[in-house]
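Take a look at the structure set out below.
Every read-out reported here was derived from the displayed coordinates using simple, explicitly stated rules and does not represent laboratory data. Remember, predicted model here, so these are calculated numbers, not experimental data. Virtual Cβ from ideal backbone geometry, glycine too; neighbours counted across all protein chains shown.
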Amino acid sequence: MEKNMAVSNDILRYKKNKLASLFAIGGLVFNCLYFMLFYSINNSSLYKLLIGFSVVLTLAVLLVAFYSSESVKNYKKIFVAVLAVLAAVQIARIFIYPLQVIKITEELRAAQPGGEAKYVTFYFGAGLTPSAAGSLLIVYLALSAACFVCSSVIGYVYATRLEKHVKAIQSGEIDIDAVLKETDAFAIGVSDGLVDDALKSAVTEEEEVR
Amino acid sequence: MPASVSIQHLDKIYDGGVQAVWDFNLEVAPGEFIVLVGPSGCGKSTTLRMVAGLEEITKGKLLIDGNDCTVKPAKNRDIAMVFQNYALYGHMTVYENMAFSLTLRKENKEIIHRKVMAAAEILDLKSQLNKKPKQLSGGQRQRVAMGRAIVRNPKVFLFDEPLSNLDAKLRGSMRREIMLLHKKLNATMMYVTHDQTEALTLADRIVCMSMGRVQQIGKPIELYESPANTFVATFIGLPPMNMFEGRVEGGSFKCSLFDYPLNDKQREKLKDYDGKEVILGVRPENVTRSGPVKLLITNNENLGMNTLVHGKVGGKKIVICKFAEWCNYKPGDEIGIGFNPDMTHFFELPVQEFDANGKLVNEIPGKAIR
């Protein structure tokens with residue numbers, strides 16, 4: 001069946017943007033995984049400002065990401081920008097801690113050859129060296145940022161499509177009812193146009209009976 | 001294209017041995033609107049559920065459009081059912097509820113949209129598509145349930161008391177909508193109700209059931225004017241038919257309360273019953289305001305277009321009369337009533353069946369004498 005853009009766009013009026021929402025939730029999940037690893041690395045040491053800062057940042061990202069996911073689901077364009085900002089925050093976080101871990105590991109390796117093999121943490125039952133932990137932290141943040149970017153782009157594309165479609169309907173540029181009837185694939189026993197005819201005749205008959 | 005349904009010798013026996021349906025036979029023509037009517041527990045819903053595939057068929061055969069569906073799973077029968085309690089998904093919008101079955105089938109999104117929009121137009125639900133079921137009225141919810149059935153384009157529509165949860169006014173308007181829907185779709189529909197008004201107004205043919213057995217199948221007017229037995233006579237019609245037990249003797253109907261002379265036509269009809277016990281039935285609207293039977297009035301209800309008069313004959317038998325005129329009888333008044341001879345019905349006495357312990361197991365309603 002040939003794709004009709006007006007009909008495709010009209011679907012957006014009744015369906016939520018679940019794909020964009022799903023990507024936003026994906027970003028949120030990777031952020032959680034990042035924090036789990038981050039906390040497992042820093043758990044054994046004394047609590048410091050870095051942990052407190054990271055907890056606050058993670059909570060903020062989680063809350064904003066969840067709210068944004070619900071909003072892009074409803075085609076709210078402003079939250080496309082919020083998700084883009086979240087993606088930027090996640091990329092920025094790569095430079096705050098994970099790269100530091102790798103840098104310290106490199107320094108350790110230079111000072112004490114073979115020292116880097118010592119596990120820094122156990123994560124999901126597997127031992128992680130400092131360099132592996134640092135790399136995984138970067139991967140999580142990068143994936144989280146990528147998800148937010150995808151969500152943002154998809155949210156923007158669909159929200160724009162819907163906006164244009166609604167404007168076209170409101171301005172009379174598109175008569176969606178006519179479009180739906182023109183190419184009616186409604187095969188429930190009544191073919192195109194006959195819906196109205198059948199309805200009219202049925203109503204007339206009913207009035208006569210009354 | 002609407003499908004035919006053939007139900008042959010259907011029995012339903014539950015695990016405990018209770019038989020809910022006995023030898024049910026019915027041929028439904030394509031596009032026909034069949035209403036199964038009867039009191040609660042008569043087996044009408046069980047029969048419908050067997051057609052839907054929600055209940056196993058113990059014995060018998062079910063053909064839908066010529067295909068044997070006796071043991072086919074419900075999902076492969078190509079039928080759609082509308083339930084009394086709507087069975088809508090509360091977390092989905094109206095649109096999503098209506099599109100759900102097609103989404104499961106992985107249909108093209110555009111096709112789904114067209115079908116949902118067309119169904120929404122027919123059911124006047126276009127402005128409600130983004131709402132959740134809890135935001136809708138009972139009538140609107142039922143329309144959504146019907147919409148969900150329509151979009152599937154099934155061979156047969158099944159309705160299980162769809163209007164029972166609605167108030168009287170809404171029920172009336174929904175009834176008209178179902179009538180229009182049937183005309184528009186020209187689909188084969190089977191509809192279960194205990195409300196005889198729904199049955200009489202909607203059906204092409206009515207199947208009247210009692211105690212798991214079919215009592216009569218026919219057009220609404222046939223059931224009303226020529227009931228097959230005492231059950232149909234008393235069940236169909238509001239107020240119900242007045243029944244008098246008596247004996248045919250010497251050209252008149254004699255009961256303990258009155259003697260009623262029979263005309264030639266009635267005598268001819270009852271020629272084989274002379275000296276035997278029969279039941280005389282007369283609908284309230286066929287009671288006339290003059291005649292040999294004395295009625296002691298107990299209540300007078302003016303309904304505007306007619307008057308319902310309740311009274312007792314012989315001090316015990318309660319009789320309801322429906323007079324076209326506005327009447328002002330008072331309790332205690334006594335009037336003479338008669339029966340329109342062309343509209344009286346005669347029935348044989350009901351037959352009661354007992355088990356070995358003397359417990360009543362079945363009562364066969366008295367057959368109409370024609």
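General remarks:
- Entries in B:Lys294/B:Lys330; B:Lys219/B:Lys317; A:Lys167/B:Lys115 that, when Cα-Cα distance is taken, lie over 21 Å: B:Lys219/B:Lys317; A:Lys167/B:Lys115
- Rounded, prolate or oblate (a/c below 1.5 giving rounded, otherwise prolate when a/b exceeds b/c) for the protein assembly as shown by Cα gyration tensor: prolate
- The relative contact order of chain B, computed from alpha carbon pairs under 8 Å that lie at least 6 residues apart in sequence, is 15 percent.
- Near B:Lys219: Cβ cut-off under 10 Å, other residues only, Lys/Arg at +1 and Asp/Glu at -1. The net charge is -2.
- Low-density loop cleavage sites - GluC sites (Glu not before Pro) in region B:314-361, where at most 14 other Cβ are within 10 Å (DSSP): B:Glu325
- Of the residues B:Tyr329, B:Ala29, B:Met117, the one whose Cα sits farthest toward the positive end of the charge dipole of the protein assembly as shown, with +1 on the Cβ of Lys and Arg and -1 on the Cβ of Asp and Glu, is B:Met117.
- Note on A:Ile176/B:Asp204: beta-carbon distance plugged into 1/(1 + (r/R0)^6) with R0 of 30 Å gives a FRET efficiency of 0.25.
- Net charge of Cβ neighbours under 11 Å - reference B:Asn286; Lys, Arg +1; Asp, Glu -1: -1
- Region B:302-370-region B:205-246 distance, computed between alpha-carbon centres (Å): 13 Å
- Neighbouring Cβ atoms from other chains, within 10 Å of the Cβ of residues in A:12-18, number 4 on average.
- If the chain linking A:Ala81 and A:Ala142 were pulled fully straight, counting 0.36 nm for each residue of separation and taking away their Cα-Cα distance, it would gain 20.1 nm.
- Segment B:Val361-B:Met305, length gained on full extension (0.36 nm per residue, minus Cα span): 15.9 nm
- Centre separation in Å (Cα based) which lies between region B:21-56 and region B:82-157: 25 Å
- If only the Cβ of Lys and Arg carry +1 and only the Cβ of Asp and Glu carry -1, the dipole of the protein assembly as shown around its Cα centre is close to 1960 debye.
- Environment charge of B:Asn306, counting only residues whose C-beta is closer than 11 Å and scoring Lys/Arg +1, Asp/Glu -1: -2
- Number of partner chain Cβ atoms within 10 Å, mean per residue of B:111-120: 6
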